[in-house]
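Everything on this sheet refers to the single structure shown next.
All of the numbers you see were taken from the coordinates with simple rules; none came from a lab. Owing to the predicted nature of the structure, the values given are computational and were not obtained by experimental measurement. Quick reminder, even Gly has a Cβ in these numbers, built from the backbone with ideal geometry, and neighbours come from all protein chains shown.
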Amino acid sequence: MNSLRAVRGRNESAWLLPLAGPDVADRMRHYSDDDEVDLVIVGCGAGGSTVAQRLSRAGWSVVMLEAWPFWEPDRDWVSDEAGSHKLYWTEPRVIDGDDPIPLGSNNSGRGVGGSMVHFAGYTPRFHPSDFRTETLDGWAPTGLWGTKTSVRTTKTSRRSCPSRDRTGLGATPTATRTDRTPWAATARCSSVERVR
Amino acid sequence: MSLPLPAHDDARRFPGQSSLEQGDHWDEATTALVRSRIDRPPEVTFFTQPEEGIAAALLDRLLGQGGEPRVPLVNFVDARLARGETDGWHYADLPEDGEVWRRSVRHLDEDARERYGVGFADATSAQQDEILTGIMDMQHAWHGLPAGQLWNLWLRYACTAFYSSPYAWDEIGFPGPAYPRGYGNLGIDRRERFEVRDAPPSKAGGGTAARGGTA
């Protein structure tokens, strides 16, 4: 556990509970145009947001600029493709040539979150132990579809879990020991198919 | 709610499915949006009245909508054009989407009057189809608009509009919005309790309405 303590000392983000709420935009620190800050980041996408979080936790004053809205998902987002048009990145482009290939229509994404809004920003956070599966659990994934040696299967939630289909077309397997996760209520699931 | 299918599809593929019946499981914002599509199709503001009639006829022919109930395609397409809600890109040889729609609608009317002596909206379905088939098969420009690219644009808008309707979802067996309920029975050939087994019209009697469960 010493190594986990070292990780936590260096980066506590894995142990933080989600703090986002409907009023998060109001509760954030705001600076006036006259204030001097350490850093200005243009773009609140995956890169900009991560840099902002890390540096501000280290004590930097950081201002982020974002051209598009600060979404409030419960109010602004819908579970509907046509209704999600406002999330798509639709800056003007022209396609040309002898046989121009039509571009996609629902490219990710705009607003705070950047292309992360394309999947509603849902990414189950890896636990530090997920990066030490061979050391801790005795196995390592060999590729996208399965594992080579012994497997451990845990299912923390039946909701939105990939089923144990026999074709191996399920999600990328991760073996996560639920007793190591600090947030028991998180609906994470992991299902690993035994590969002979 | 079933949309009338073409004659050769003598039975619904997913008999008994109704995505709207699952409305209680959707989040508020999604519910309001989807129900408004059915209850209050947006008012037409981009097209003029004559343009609206031609565009409605065009869209109905593209999606094979011959009778009621029908998805109000022209309302949905018009709303996008009024808001400038394009895909963001356009072909170098085509103008912006809004202008393409206005021009193509005008040319459809011109072609119909020249051929049949009536406007496109007043022509018979067969006459409308003949004009459209001609454009679909064209390798060159039609009234200055590259036919293949125009066809692509028409269909993009038409299909986006059509498949935004819960009635179209029922036709293809798509159960509708999934948040916050989620899915419990993921996997090939597995269905949620509210999904209906595919009953291909080729089966005698139009197939069975088998609901939910595993394969």
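If packing is taken as the average count of other Cβ atoms within 10 Å, what order do A:89-97, A:126-134, B:159-167 fall into, highest mean first?
Per-residue mean Cβ counts within 10 Å order the peptides as B:159-167, A:126-134, A:89-97.
Can you give me the long-range amide H partners of A:VAL63? Hydrogens built in the peptide plane at 1.01 Å from N, cutoff under 5 Å, separation of 5 or more residues or another chain.
Under 5 Å from the amide H of A:VAL63: A:LEU39, A:VAL40, A:ILE41.
With a ≥ b ≥ c the root eigenvalues of the C-alpha gyration tensor of chain B, is it rounded (a/c under 1.5), prolate (a/b larger than b/c) or oblate?
Verdict is prolate for chain B.
By the scheme Lys and Arg +1, Asp and Glu -1, what is the net charge of all other residues having a beta-carbon under 12 Å from that of B:TRP26?
-3
Give the distance, in whole Å, between the Cα centre of the range B:55-84 and the Cα centre of the range B:142-183.
About 11 Å separates the Cα centre of the range B:55-84 from the one of the range B:142-183.
A:TRP71's amide H: which non-local residues (gap 5+, or another chain) put their own amide H closer than 5 Å, with H modeled 1.01 Å from N in plane and none for Pro or chain starts?
A:VAL112
With a 10 Å Cβ neighbour count serving as the proxy for reagent exposure, in which order, fewest first, do B:ARG37, A:ARG29 appear?
A:ARG29, B:ARG37
Which cross-chain or sequence-distant (5 or more) residues have an amide H under 5 Å from the amide H of B:TRP89, H modelled 1.01 Å from N in plane?
A:ARG93
Which order results if A:GLU66, B:GLU28 are arranged by neighbouring Cβ count within 10 Å, fewest first?
Fewest-to-most Cβ neighbours within 10 Å comes out as B:GLU28, A:GLU66.
What ³J(HN,Hα) values, in whole Hz, does the Karplus curve 6.51 cos²θ - 1.76 cosθ + 1.60 give for the range A:33-43 when θ = phi - 60°, with x put for Gly and Pro?
Computed from phi, the couplings for the range A:33-43 are 4, 8, 5, 9, 10, 6, 8, 10, 10, 9, x Hz.
Got a sec? How would A:SER79, A:SER13 order by Cβ neighbour count within 10 Å, fewest to most?
With the fewest neighbours first, A:SER79, A:SER13 line up as A:SER13, A:SER79.
Calculate the spin-label point distance for B:ARG35 paired with A:PHE70, positioning each point 7 Å from the Cα along the beta-carbon direction, and give it in nanometres.
Distance between the two pseudo-spin positions: 3.1 nm.
Work from the charge dipole of the range A:52-108 (Cβ charges, +1 for Lys and Arg, -1 for Asp and Glu, about the Cα centre) and give the residue of A:GLY104, A:TYR88, A:GLY59 farthest towards its positive end.
Towards the positive end, the residue furthest out is A:GLY59.
Pick from B:PRO72, B:PRO180, B:PRO42 the residue whose mean-square fluctuation is largest in a GNM of chain B, springs joining Cα atoms under 10 Å.
Among B:PRO72, B:PRO180, B:PRO42, the largest GNM mean-square fluctuation belongs to B:PRO180.
Determine ³J(HN,Hα), in whole Hz, for all residues of the range A:49-57 in sequence, where each value follows from phi through the Karplus function 6.51 cos²θ - 1.76 cosθ + 1.60 and θ = phi - 60°; x replaces Gly and Pro.
With the stated coefficients, the range A:49-57 comes to 5, 5, 4, 4, 5, 5, 6, 6, 5 Hz.
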